[in-house]
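Take a look at the structure set out below.
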2 protein chains.
Amino acid sequence: MIGPGDIEAAAAVLEGVAHRTPVVTSRTLDERVGAHAFVKAECLQRTGSFKFRGAYNKIASLSEDERGRGVVAFSSGNHAQAVALAARLLGAGATIVMPADAPALKLAATRGYGAEVVTYDRYTEDREAIAAALVKERGLTLVPPFEDPLVMAGQGTAALELIEEAGSLDLFLAPVSGGGLMAGCATIVKARCPNARVVGVEPEASDDTRRSLAAGERVTLPDVPRTIADALQLRAPGVATFEVNRRLLEGVVTVSDAELVDTMRFAFERMKLVGEAGGVAALAALVAGHVEVEPGSRVGVIVSGGNVGADRFAELVLEK
Amino acid sequence: MIGPGDIEAAAAVLEGVAHRTPVVTSRTLDERVGAHAFVKAECLQRTGSFKFRGAYNKIASLSEDERGRGVVAFSSGNHAQAVALAARLLGAGATIVMPADAPALKLAATRGYGAEVVTYDRYTEDREAIAAALVKERGLTLVPPFEDPLVMAGQGTAALELIEEAGSLDLFLAPVSGGGLMAGCATIVKARCPNARVVGVEPEASDDTRRSLAAGERVTLPDVPRTIADALQLRAPGVATFEVNRRLLEGVVTVSDAELVDTMRFAFERMKLVGEAGGVAALAALVAGHVEVEPGSRVGVIVSGGNVGADRFAELVLEK
């Protein structure tokens, strides 16, 4: 388990390395929601998503010997880029196991950071097994995408910065995939703003954490969910992250792919933010009215990533 | 004329009102240019462009009586929204004279800020005459888009903040339309970094300041220039702004519409910035290699606005 001190320690590690991303406000958004929304723009984080925070915090903790042997990660994209850059900054080699159908921009960016990319078939192969084999064969250290206290703590620094800039919150919203971002953020939000409600957001097709909370235990979806939110395409929450989130979350709400596209447009036109589909999930829940919001209250929202190609964005907004 | 003290005074007026917009860096950009680029993201300014700075600084200087009668402005869009919001914040009514073919997003946003919009035909009618009539008939105060020392000084605060955050610059690039942004910025850049080169950027079809510098006097283009950079569609530089810019600028370079679209894509994918065509002109000149850059030098760039609809952005990037 992690506590607020772990997030504060991660903030010290990330000081001067991770970007202190802007907190963006919008009169249009506030009027639509009837509250004060503070949007933490992690799309403007290094590598285009919050994932850099956790990856750097983890790799910074490794011994010189471990860094010398190198690190490995599996990821649908954003964690890949994050590990690639963090490893490079810390002098470690990086091998990344990525789905062959990951967005071209994410594959290219990961290679661009100097990492070796090993691809696999998202629908038939087991990425964890591939990564485990690399750990064994090459002596690499695994940087898990969420199942690690240092990774969770690193991600939580996004919420810590948000509170430091926006002040106390009444409601906090973030997307949930493996649950690492939410576990880290919920830990610090509940410590700093004990009365704040914390609500997670998932795509309708990828609601494993929502189902798990309802069941009181981890539920695994039968198939890999099909959603435009490639960063949130996961079948089950993490073990450690779910332990944190089941205690701290009021619940999880879901958003449709159409609402994600509407919100990508809203973020672009009204807030001048580039958000990928999964990245705007929490904002989408707010804009679409899926979360109960106390009038005049203070709402913190994480826009978690902006790694979407211009062509893909164009196709999505014109299709609708 | 204006001096650096005017920009410093404007910064005090804007403190806590205008956003202190982020300065964005990009490894990809730096590698491409062979220098350190610091991009001031004025697309994240209130109303989506730097224009809020000058409009607020000007309206804040008016007497209570003048504010009570209200203000008027003519604008292709960004100045319109800026005056509308600044007037609202300062308790003044606003009437805005806008071209009927201005982007729908800009017309809607201006009305959304509570202003009265009067439209005209950009190719046949004289917007200055229409505004002058409103000044006479209704006792309104004109908020000029650039021909005003308080407006120029307000715009210059963008460069002041950039220098405060990025440190000393060797080269400064900004788009030039009427020249108010550049006049204010050049004044403070030359005061704080006396050896810095200051270069303006215009669309190929709208190179009135480039021609004016070459001729040594203000040149008026025969026709309204046709370019996708609607914010930079002007036939002649201002009188006062040209007096400042002719003394401080090394020169003006031009960029094609195709280069503007390439750079909108680059800003979106690589920097997660929403830039309108005119807004990315200075970045386009840098990316396309139209400006000589000393290897390893420090380059300040203004991305001046992000008011482009998602559909328009999508059409532009898919057409190419």
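The values are calculated or read from the model by the stated rules, or taken from the named source; none is laboratory data. If you're wondering where the values come from, they're calculated on a predicted model, not measured in any experiment. We place every Cβ from the backbone using ideal geometry, glycine too, and count neighbours over all the protein chains shown.
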Checklist line | Lone qualifier among A:60, A:35 - being small (Gly, Ala, Ser) and either buried (at least 23 other Cβ atoms within 10 Å of the Cβ) or within 16 Å of residue A:154 (Cβ to Cβ) (or both) | finding: A:60
Next item on the list: Could you list all residues from region A:219-271 that are surrounded by fewer than 18 Cβ atoms within 10 Å (Cβ to Cβ) and without any contact (Cβ under 8 Å) to a residue 40 or more places away in the chain?
Entry: A:220, A:221, A:222, A:223, A:226, A:235, A:236, A:246, A:247
Item checked: Qualifying residue in region B:174-182 (condition: on the phi < 0 side of the Ramachandran plot, among the aliphatic types (A, V, I, L, M) and in contact with a Leu (Cβ under 6 Å, 6 or more places away or on another chain)) -> yes
Notebook entry, point to check: Is region B:5-28 home to any residue that is within 14 Å of chain A (Cβ to nearest Cβ), under 19 Å from residue B:187 (Cα atoms) and within 17 Å of the chain's Cα centre (by Cα)?
Noted result: no
Next item on the list: Test residue A:191 against the criterion of being at pLDDT below 95, in a helix (DSSP H, G or I) and either of a type in the set (A, V, I, L, M) or under 12 Å from the mean Cα position of the chain (by Cα) (or both), and give yes or no.
Entry: no
Margin query: Being in contact with a strand residue (DSSP E or B) (Cβ under 8 Å, 6 or more places away or on another chain), outside any helix (DSSP H, G or I) and acidic (Asp, Glu) is the filter here; which residues of region A:147-187 pass it?
Written below: A:170
Item checked: Positions within region A:282-320 being free of Cβ contacts under 8 Å to residues at least 40 places away in the same chain, within 14 Å of another protein chain (Cβ to nearest Cβ) and either under 23 Å from residue A:76 (Cα atoms) or out of contact with any helix residue (DSSP H, G or I) (no Cβ under 8 Å at 6 or more places or on another chain) (or both), in sequence order -> A:310, A:311, A:314, A:315
Check: Applying the selection to region A:69-103, what residues are farther than 15 Å from residue A:231 by Cβ and either within 13 Å of chain B (Cβ to nearest Cβ) or in a helix (DSSP H, G or I) (or both)?
Finding: A:69, A:84, A:85, A:86, A:87, A:88, A:89
Checklist line | Residues within region B:163-189 that are more than 10 Å from residue B:146 (Cβ to Cβ), surrounded by 20 or more Cβ atoms within 10 Å (Cβ to Cβ) and not β-branched (Val, Ile, Thr), tallied | finding: 8
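Which of the residues belonging to region A:6-63 are free of Cβ contacts under 8 Å to residues at least 24 places away in the same chain and more than 27 Å from residue A:296 (Cβ to Cβ)?
Scanning region A:6-63 gives A:12, A:15, A:16, A:63.
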Notebook entry, point to check: Quick one: is residue B:162 touching a Lys or Arg at 6+ places or on another chain (Cβ under 9 Å) and touching a residue at least 60 places away in the same chain (Cβ under 8 Å)?
Noted result: yes
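Restricting attention to region A:258-281, and to residues there that are basic (Lys, Arg) and more than 18 Å from residue A:319 (Cβ to Cβ), which single residue is nearest to the other protein chains (Cβ to nearest Cβ)? Working first, answer last.
We begin by selecting, within region A:258-281, every residue basic (Lys, Arg); these are A:265, A:270, A:272.
Filter once more, so that each one left must be more than 18 Å from residue A:319 (Cβ to Cβ): A:270, A:272.
Values: A:270: 9, A:272: 4 Å.
It comes out as A:272.
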